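The values are calculated or read from the model by the stated rules, or taken from the named source; none is laboratory data. Since this is a predicted model, take the numbers as computed values, not measurements. Neighbour counts run over all protein chains shown; Cβ positions are idealised from the backbone, glycine included.
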Amino acid sequence: MSITKIFLDEEEIPKKWYCILPDLPKPLPPFIEPEKKAPGGGVAPKIFPKQILAQEFSKDRWIDLTEEVREG
């Protein structure tokens, strides 16, 4: 297995993240609660911080990346 690394110059590092949700033809189905096997909050809110979930499920197409993320 070969590994490819891509190095970007500082000005090439993205400043925004594209969220596909606003462009989907219909909303994603709700989370399924594993214990109940029915729609609910699901596992994601139990394992991810609220800020991550807000970003992942945003209705905004473009999400600004923070300096901390850009610096990696």
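Contact map, region 49-60: first residue without any contact (Cβ under 8 Å) to a residue 24 or more places away in the chain, second residue surrounded by 11 or more Cβ atoms within 10 Å (Cβ to Cβ) and assigned to a helix (DSSP H, G or I), Cβ cut-off under 7 Å, separation 6 or more or different chains; pairs are Leu53/Ala44; Leu53/Pro45. For Lys5, the test of being out of contact with any helix residue (DSSP H, G or I) (no Cβ under 7 Å at 6 or more places or on another chain), at pLDDT 90 or above and either basic (Lys, Arg) or loosely packed, with under 10 Cβ neighbours inside 10 Å (or both) is passed. Among the criteria (1) surrounded by 10 or more Cβ atoms within 10 Å (Cβ to Cβ); (2) free of Cβ contacts under 8 Å to residues at least 24 places away in the same chain; (3) hydrophobic (A, V, I, L, M, F, W, C), the one Ile63 does not fulfil is (2).
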